[in-house]
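The values are calculated or read from the model by the stated rules, or taken from the named source; none is laboratory data. Being a predicted model, the structure only gives us computed values, none of them experimental. With ideal geometry, Cβ positions are generated from the backbone for all residues, glycine too; neighbour counts draw on all protein chains shown.
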Amino acid sequence: MIVGGGLGGAKMADELRHCGYPGSIVLVGAESHLPYERPPLSKDYLAGTADRASLAVHDLSWYVDHDVDLRLGEPATQLDRDAHEVVLRDGTRLGYDQLVLATGSRARRLHLPGSDAGGVLYLRDVDDSDALRAGLDQARRIVLIGAGWIGLEVAANARQRGVEVDVVEVAPLPLLRVLGADLAQMFADLHGEHGVRFHFEASVAGIEVDGGRATGVTLGDGTRLPADLVVVGVGAQPNVDLAREAGLEVDNGVLVDQYLRTTDPDIYAVGDIAAQAHPRLGRVRVEHWANALNQPAAVAATVTGTLTPYSQQPYFYTDQYDLAMEYHGYVPPGVEPTVVIRGDRATRELLAFWLSPTGKVLAGMNLNIWDAEDQIKALLDSGPVDPRRLSDLGLPLERVLPFAAAQETR
């Protein structure tokens, strides 16, 4: 059985059948929609250049043809591990031999004066994206609370519609913790060039309301920002309630081993909720599309008899205006990396690398460059590298790796 009707749940069913799993598969989803992918919700679907059908992982006929029993719109409310049963909201009890939790995450909510007013929107599911798209069609000015990936993608989408945008961010720059000051400034400049107004190192005191609808945001210093819509993007939290109440170990996610097994050997977890003992990175939980896409293959292999750890590096991407970016790897919390830039800051065509204090490449990013993905992945698996050679455009990336190996043998 699979609990979770998003990408992770759909791919789990797909991979089980691909691995030849002969048993029954039941997929339980809280939403009434067919399982769909979420990245377009803040990108092309929000922009209106992709339709609803294009979001679906599979059409309905695929589930019929592959004998997958869909139970959509009826969320699981209890996990009875002793009885090996999942209880749905309507009281239905469904038995399982092995269970995969793919319950994803939900938007972190604001709890401030006015935060429950009409016109205060979040972006997590397709209905949220529909509401935001309709709002942007009518709005003249919006305030975004939070300058993370989703916030910046919404800002770009709004500006391309001609909507005025104010962004409120508690940090000194957008994406500062993830990117470091140099690249964070690059993203701030990009949005500034397109007319976005940032309010950095700012807090929100409350949301102004008139007639039950949001009309603006009041900052901690008293600044008032008028708005037709207020969009909140202050992070997400994993949906671990079902697991916690069932007695599974939970700590910033459902704890799983390298094979994505929970502390109950008959239960696995994938996607946003999986806090994995990663064989290369240590304990890590990543809220990115690639985990939901790729982790089910490892679980399906294990379930069908081939014990398979999940060892892929994290990956995510973004599109903002004419900037496209892919990021591979992971910088652990508490590590102060050195950021090495290779390319042209002025044209925003570059590669960036995050190096540990010992010179190991922890993460790499390609910004408007599309022929370096394999080299970035190879560097993630290499030993220490020389940052001067890494930044040298006259030296092909593939020659950086042998140099590192040669240095280690001296």
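Observations on the model:
- Screening the candidates Ala246, Ala227, Ala275, Ala292 for the property of being out of contact with any strand residue (DSSP E or B) (no Cβ under 9 Å at 6 or more places or on another chain), crowded, with 19+ Cβ neighbours inside 10 Å and either of a type outside the set (D, E, K, R) or at pLDDT below 95 (or both) yields one hit, Ala292.
- Residue check for Gly305: crowded, with 17+ Cβ neighbours inside 10 Å and not hydroxyl-bearing (Ser, Thr, Tyr): no
- Scan of segment 37-73 for residues that are among the polar types (S, T, N, Q) and either over 20 Å from the mean Cα position of the chain (by Cα) or at positive phi (or both), ordered by number: Thr49, Ser61
- Some residue of segment 9-29 being at pLDDT 95 or above, surrounded by 20 or more Cβ atoms within 10 Å (Cβ to Cβ) and of a type in the set (Lys, Arg): yes
- One residue stands out in segment 308-334 among those that are aliphatic (A, V, I, L, M) and touching a Leu at 6+ places or on another chain (Cβ under 7 Å): the one that is surrounded by the fewest Cβ atoms within 10 Å (Cβ to Cβ), namely Leu323.
- Wholly within segment 1-119, helices (runs of 4 or more DSSP H) carrying at least 2 residues that are without any contact (Cβ under 8 Å) to a residue 60 or more places away in the chain: 7-18, 60-65
- Residues of segment 166-178 satisfying the condition of being surrounded by fewer than 24 Cβ atoms within 10 Å (Cβ to Cβ) and in contact with a helix residue (DSSP H, G or I) (Cβ under 6 Å, 6 or more places away or on another chain): Leu173, Leu175, Leu176
- The one condition from (1) without any contact (Cβ under 8 Å) to a residue 24 or more places away in the chain; (2) over 20 Å from Gly235 (Cα atoms); (3) within 18 Å of the chain's Cα centre (by Cα) that Pro265 does not meet is (3).
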